[in-house]
Amino acid sequence: METITKVLLLLLVSMLLVNSSVEPRDGIIPVDSASIASSRLERVRSSDVFGKQFKASLVERYGSFDNNSYDGFILASEGNPNSSSPTASYSSTTLQESGVDESDRLKTDGKHLYISSIISPGIKIFKAESGNARLVGSLPIHTLAGNALSGLYLRSAKNQLTALAGNGGYGANGAWFSADYADEKLTELFTVNISEPTAPELQNKLTLDGKLISSRRIGSIVYLATRHTAKIPGLVDFPEDRSEAANNRKLIDQTPLDDMLPKYQVNGEQRDMFNAENCFHTGQQGSNFRQQSVISLLAIDLDEAELTPRGQCFIGDAETVYASTDAIYLATTRHLYTDESSEVIYEGLPTTEIHKFALDGVQTDYRGSASIEGHLGWQQSQKPFRMSEESGILRVLSYVGETADSFDSPARLHILKENAADSALEIIATLPNERRTAPLGKKGEHIYATRFIGERGYLVTFRATDPLYILNLSDPTDPHIISALEIDGYSDFLMPVGEHFLLGIGKDAIAQTDDSVGFGGIRGAWDQGVKLSLIDISNPDAPFEKQKIILGKRGTNTPVSSTHHALTTLLKGDSLHVNIPVSLHETVLDNYGAPADHPSNHFGWTQDALHRYKININSGVISELNPIIAKFDSIPEDAAYYFDTSWQHDRSVIVGEESYYLKRDKVFTSAD
């Protein structure tokens, strides 16, 4: 039955794609102009209009009975899946954009380390002194769902720490794409007085309906994007017959709009978050994805005595946030997607909707929308890096796969400019295009690391080798490839080192050349140890790999591949100090019949450590410093096979000449 269901659903998707297809022109499939128009947000004219729009979307989701529906997803598939200031004496959180702070589990003011515990909800404060870290204060925090805190913001000049809870559970699992995943979820914000680090004191608590998508801080303002799914008592999530579907429609019709919109509580007192007039709808007819979520973009001034969220909302969806100092962009894939084997699968030829909101203190002003080809990738932490704003121009790299046009380019660069008169983000250029036909990536490759730095763009695609593309973006109407460099392995994250170098962090890889382990003729590569690759870009026409470092064997991991917050840097004169946590796998295991030297062989866990380097930003010479090894109280004899050291949460800071390595809730130093 499941096979028949999948076939019927895939046939339905094929019909949708055929009916909405656009004929290619000169080898290029243009962006559908109707799609661009439908992506625009329209301000609600009245509460009645908003209520009808919202309830219509709920009826579409809950008010019909579908024999072919068998789970919470739309369909199943067989798819394949800044550095610190030169004068700073201590490191800060690695950010995508200077001036736009991001939450993380470790913050420092150069005197103390402020840590969100992963064992139980709360804050721990360590004093950093002469290479030692002493626990001097702690504050348990009661979260409604018992979740660990998801991140901290530090305002040392105000002696204030802000803690967030409620946005866990993304990872590789795509379940959160379903609107049902946001049912009855809450986001909590706590402010803590740290004027006495030995006795931190909880100041205020703000509770918001909706699951936190992401947050940013600019000055005293914290911006939150949340996703709320209305929960109506008695509503059956997946009606199994026409009677249940009819009852759902009745419940939706009888429920007041006010009961379905998100609320907030400040210090326990519930209040309305929005009037309907503060909200938008997309105005789409016959959309092929379901819009029963309320997306809120909220601004909270931490200087106010009483925390008050202000902002706007829209009926639709959002899966990632990119922020410059002037604007926030919310983006989501507009097409059928699902979760298969714990991976997000995008069907057919998806498009991505992007909505721009200008920032002015607590004011968020909707400025326009666009729909572009492709999606923003599979890894949640990398999606914001697919976007970058420079002088009001938005650059976006998307994945379009193998069949988007005759160039067989898996990636597409879009350059967008605001048209305030039409509430649109106009696409003023794409790459490849009719004039610049060279593909971004080879057929079958996926996008890995992306980074925009001023008038340059850097893109890594990979399947067997790592082509690093350097893009010239100086003329927004004529972006083009400057050069491409092929090296072994791939990079998940790219960061500038001075003016002449680029550091890539990812994995080494060995191209597949045989069928000795039964994978047929699939072209690809076996990832190996963690790789640091220093690329000389002083001549962008001829970049080259100046130095590489390989850490460990196959199975070795670094949290930098999952979040840029795990990378720590501090510039001291001409030397950039770099800290990278690594879970090292070098222990030989029984690989059950595979040749002893085959690149597919996994190795067992050996140790977790903070690897430290100095890079001369002028010469590009990398010097290795002594690593700081995490010493566990007890290690089982068979640790190589299953020992979980929670390496994904590892962080570090540099204070003066010392490094502090956070492993779980313990801080290690070179003195240990």
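The values are calculated or read from the model by the stated rules, or taken from the named source; none is laboratory data. As the structure is a computational prediction, the values presented were derived from the model and not from experiment. Neighbour counts run over all protein chains shown; Cβ positions are idealised from the backbone, glycine included. Quick note on the areas: whole protein, heavy atoms, side chains included, nothing else; ligands and nucleic acids left out. Shrake-Rupley method; radii C 1.70, N 1.55, O 1.52, S 1.80 Å.
Give me a count of the residues in the range 439-485 that are on the phi > 0 side of the Ramachandran plot and at pLDDT 90 or above. Final tally of qualifying residues: 1. Being surrounded by 21 or more Cβ atoms within 10 Å (Cβ to Cβ) and either closer than 14 Å to Leu202 by Cβ or at pLDDT 95 or above (or both) is true for just one of Leu135, Leu152. Which residue is that? Every option except Leu152 fails the conditions. Each residue in the range 433-478 was checked for being part of a loop (DSSP other than H, G, I, E, B) and in contact with a Leu (Cβ under 7 Å, 6 or more places away or on another chain), and 2 of them qualify.
Criterion first (of a type outside the set (Ser, Thr, Tyr), under 30 Å from Val236 (Cα atoms) and either in contact with a Phe, Trp or Tyr (Cβ under 7 Å, 6 or more places away or on another chain) or at pLDDT 95 or above (or both)) does Val44 satisfy it? Full working, then the answer.
On the way: of a type outside the set (Ser, Thr, Tyr): yes; under 30 Å from Val236 (Cα atoms): yes; either in contact with a Phe, Trp or Tyr (Cβ under 7 Å, 6 or more places away or on another chain) or at pLDDT 95 or above (or both): yes.
Yes: the conditions hold for Val44.
Restricting to the range 428-468, count the residues that are small (Gly, Ala, Ser), farther than 18 Å from Trp378 by Cα and crowded, with 18+ Cβ neighbours inside 10 Å. Give the derivation first.
Step one: filter the range 428-468 for residues small (Gly, Ala, Ser), giving 429, 438, 441, 444, 449, 454, 457, 464.
If we keep only those that are farther than 18 Å from Trp378 by Cα too, we end up with 429, 438, 454, 457, 464.
Filter once more, so that each one left must be crowded, with 18+ Cβ neighbours inside 10 Å: 429, 457, 464.
Final tally of qualifying residues: 3.
Being open to solvent by less than 10 Å² (accessible area, probe 1.4 Å), part of a loop (DSSP other than H, G, I, E, B) and modelled with pLDDT of 90 or more is true for just one of Leu307, Leu330, Leu297. Which residue is that? Can you show your working first?
Working: Leu330 fails: part of a loop (DSSP other than H, G, I, E, B); Leu297 fails: part of a loop (DSSP other than H, G, I, E, B).
Exactly one of Leu307, Leu330, Leu297 is open to solvent by less than 10 Å² (accessible area, probe 1.4 Å), part of a loop (DSSP other than H, G, I, E, B) and modelled with pLDDT of 90 or more, namely Leu307.
Residue by residue, here is whether (1) of a type in the set (Gly, Ala, Ser); (2) buried (at least 19 other Cβ atoms within 10 Å of the Cβ); (3) modelled with pLDDT of 95 or more; (4) out of contact with any Asp or Glu (no Cβ under 9 Å at 6 or more places or on another chain) holds:
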{"position": "Asp492", "(1), (2), (3), (4)": "no, yes, no, yes"}
{"position": "Glu499", "(1), (2), (3), (4)": "no, no, no, yes"}
{"position": "Ile505", "(1), (2), (3), (4)": "no, yes, yes, no"}
{"position": "Ala509", "(1), (2), (3), (4)": "yes, yes, no, no"}
{"position": "Thr513", "(1), (2), (3), (4)": "no, no, no, yes"}
{"position": "Ser516", "(1), (2), (3), (4)": "yes, no, no, yes"}
{"position": "Val530", "(1), (2), (3), (4)": "no, yes, yes, no"}
{"position": "Ser533", "(1), (2), (3), (4)": "yes, yes, yes, no"}
{"position": "Pro540", "(1), (2), (3), (4)": "no, no, yes, yes"}
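Summed over the range 400-438, residues that are farther than 21 Å from Thr477 by Cβ and either modelled with pLDDT of 90 or more or of a type in the set (Asp, Glu) (or both) total 2. Given the structure, is Tyr592 at positive phi and either of a type in the set (A, V, I, L, M, F, W, C) or outside any strand (DSSP E or B) (or both)? Yes; evaluated as a whole, the condition is true for this residue. Restricting to the range 536-573, count the residues that are touching a Pro at 6+ places or on another chain (Cβ under 9 Å), within 15 Å of Asp508 (Cα to Cα) and outside any loop (DSSP other than H, G, I, E, B). Within the range 536-573, residues that are touching a Pro at 6+ places or on another chain (Cβ under 9 Å), within 15 Å of Asp508 (Cα to Cα) and outside any loop (DSSP other than H, G, I, E, B) number 1. Evaluated against (1) at pLDDT 75 or above; (2) under 30 Å from Tyr322 (Cα atoms), Phe73 falls short on exactly one condition, (1). Taking (1) over 21 Å from Met495 (Cβ atoms); (2) open to solvent by less than 50 Å² (accessible area, probe 1.4 Å) in turn, Val578 satisfies each apart from (1). Of all the criteria given as (1) charged (D, E, K, R); (2) modelled with pLDDT under 95; (3) buried (at least 18 other Cβ atoms within 10 Å of the Cβ), the one not satisfied by Asp104 is (2). Please find, within the range 187-205, the residue that is nearest to the chain's Cα centre (by Cα) out of those that are buried (at least 23 other Cβ atoms within 10 Å of the Cβ) and closer than 27 Å to Phe274 by Cβ. Across the range 187-205, the extreme among qualifying residues is Thr187.
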